[in-house]
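For reference, the structure I am asking about is given below.
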Amino acid sequence: MGTAHALQLLAVPVAAVAVAALARRSGLAVAPVLVLAGLVASAVPGMPRFTLDPKFVLFVFLPPLLFSAAWESSYYDLKANVRAIASLSVGLVLFTTFAVGWVTHLVVPGLPLAAAFVLGALVAPPDAVAAVSVARRLGLPRRLVTILVGESLFNDATALTVFRVAVAAAAGEGVTLADATGRFVYAAVAGAIVGLLLGPPLHRLSGRLDDPLVETAVPVLAPFAAYLIAETVHASGVIAVVVSGLYLGHKFFESSAMSRLLGISVWRVMVFMLESVVFLLIGLQLTAVLSGLSARSRPGLAWYALAVFLTVVVTRFVWVFAADYLPIWFSRRVREREAGTGWRQRVIISWAGMRGVVSLAAAFAIPMATENGRPFPGRDLLLFLTFSTVLATLVVQGLTFPALIRALGLQNEAERRARLLAAAAAYQAATEAALARLDELAAREDSEIAEEIIERLRMLSEYRRLKAWERLGGGIGPGGREVPSETYRRLRLEMLAAERETFLRLRDERRIDDELLEEALEELDLEEVMVMNTRSADL
């Protein structure tokens, strides 16, 4: 690899992080800004051509992103919303595949129905990364976020399986409905088995390691192992990654404190980097996508792209409202369980249909030729329509999604306050249990315990209990007075600032060296982060 080529490869993540940082600083949705930046960059004369390698994307990018989302998800929340998640991740994917396939077959002259269904499978699965990040930032109800996350975890498995079947049919392999159903069931069941078989031994291995760095490395390798093993036995690598991620995430709280801190930090940085690079690469695909379309008219391509985009959007609205309302009308149990879901929530779910890199990676995996050696029908057009749909959903829906949430007034302050009240009660119960245990230990000790030790332990427990009041009232506790926890933080931050200034002054006076300054500031910074996190932590 030459130096120039290496610099080009380095430029992609550097540019992605820079654009993402600017978008975050400006308060804009990161995903569409990155896509637009890549789109503009691809049109610059002399810009190198970056083509997505489908195997590279599906093995390097997809497993860690899926695993991280599963790892951070609540098994209990997903289980409580299994009907809605299954409806979107399986039913909607199949419905969108057939709807887009039929519309494309009717609109594009000469495109075989099997090839049109390939396009339907490509654009069927939404990527909820952009939507979920906005939803969490704007305080959407927790149930909606759980549904969007759950959909994104499982819909790729459905879409990729349908895609393989559709490609086989379009290539002339003679796939029957029974064959397609058998492939789908085998891929899903076998993938789940691989994930379940891999999760427990990895968890036990992590528990026996007495090194936080090594323990953190185990879940980092887990998604790649799960995906590779599943794909080797022709199962769904996506399902295997999701299942193993859910299991390890559910057991994550059994790890040591340092391992948890390291794990959270590692995954946040990794996901930020991968997502930034992925969305920038989507925009950079313009040159590769347009390369094979010189013989087609631009107005015709625009009409095809508009037809597919509108079909994708309308199909999601139709399915979400029909699949939600019909069970509610006919089932009292569903009606009671989902009584809080109204039309505004359904509009949000319907508009959160942004497509992502999985669609593009699969599109580049369409074979060049069929079984009889002829060119795959409409391959360049299918690639273009996939790209245009991904681009349109990310830009149109991605940029308007925050405004739609604000317009519908779905920031659920009541739910947030209820969760904070529940947290305050939990802190109260935990503090009482800790103090009872302290009294028990103090009475049991043979040697006399200094009273100042007992008092300090009691103050620590009281401090943890009172911080729940601050979350509810901005640091104001019962009686309208500043709670001790807020007073402690305010005074401690002032003390830390004074210590930092002293160390810097001593370094400037050359009374200590830079190595000692670095060690001292690291300790002060760690404590300041801990103090600040008790104020800003959001449940």
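For the stretch 170-301, what is Rg from Cα atoms divided by 2.2 N^0.38 Å, rounded to two decimals?
1.45
Taking H placed 1.01 Å from N in the peptide plane, check which residues at least 5 places from MET354 or on another chain put their amide H under 5 Å from its amide H.
Amide H neighbours of MET354: ASP127.
Accessible area per residue, 1.4 Å probe, Å², for the stretch 181-250: what's the number?
Accessible area per residue, the stretch 181-250: 48 Å².
For the stretch 28-74, which whole-number percentage of the solvent-accessible area (1.4 Å probe, protein heavy atoms only) is attributable to carbon and sulfur atoms?
Answer for the stretch 28-74 is 71 percent, counting heavy atoms of protein chains only.
Hey, rough spin-label estimate for SER74 and PHE56, points 7 angstrom out along Cα→Cβ, what's it come to in nanometres?
4.0
Whole number please: convex hull volume per residue, Cα atoms of the stretch 166-238, in Å³.
Spread over its residues, the Cα hull of the stretch 166-238 gives 76 Å³ apiece.
Taking 37 °C and 0.692 mPa s as the conditions, I'd like the Stokes-Einstein D for the stretch 1-155 in µm²/s, using the Kirkwood hydrodynamic radius from alpha carbon pairs.
It diffuses with D of about 178 µm²/s by this estimate.
What are the ³J(HN,Hα) couplings of the stretch 492-503, residue after residue, when phi is run through the Karplus curve with 6.51, -1.76, 1.60 and θ = phi - 60°? Round to Hz, x for glycine and proline.
Working through the residues one at a time gives 5, 5, 5, 5, 5, 4, 5, 5, 5, 4, 5, 4 Hz.
Ratio of alpha-carbon Rg to the 2.2 N^0.38 Å globular estimate for the stretch 80-133, to two decimals, please.
In units of the 2.2 N^0.38 Å rule of thumb, it is 1.35.
The values are calculated or read from the model by the stated rules, or taken from the named source; none is laboratory data. Computed from a prediction, not measured in an experiment: that's the story for all the values here. Ideal geometry is used to build each Cβ from the backbone, glycine not excepted, and the neighbour counts take in all protein chains shown. Each accessible area value is taken on the protein alone, full model and side chains, heavy atoms only, with ligands, DNA and RNA left out. Shrake-Rupley method; radii C 1.70, N 1.55, O 1.52, S 1.80 Å.
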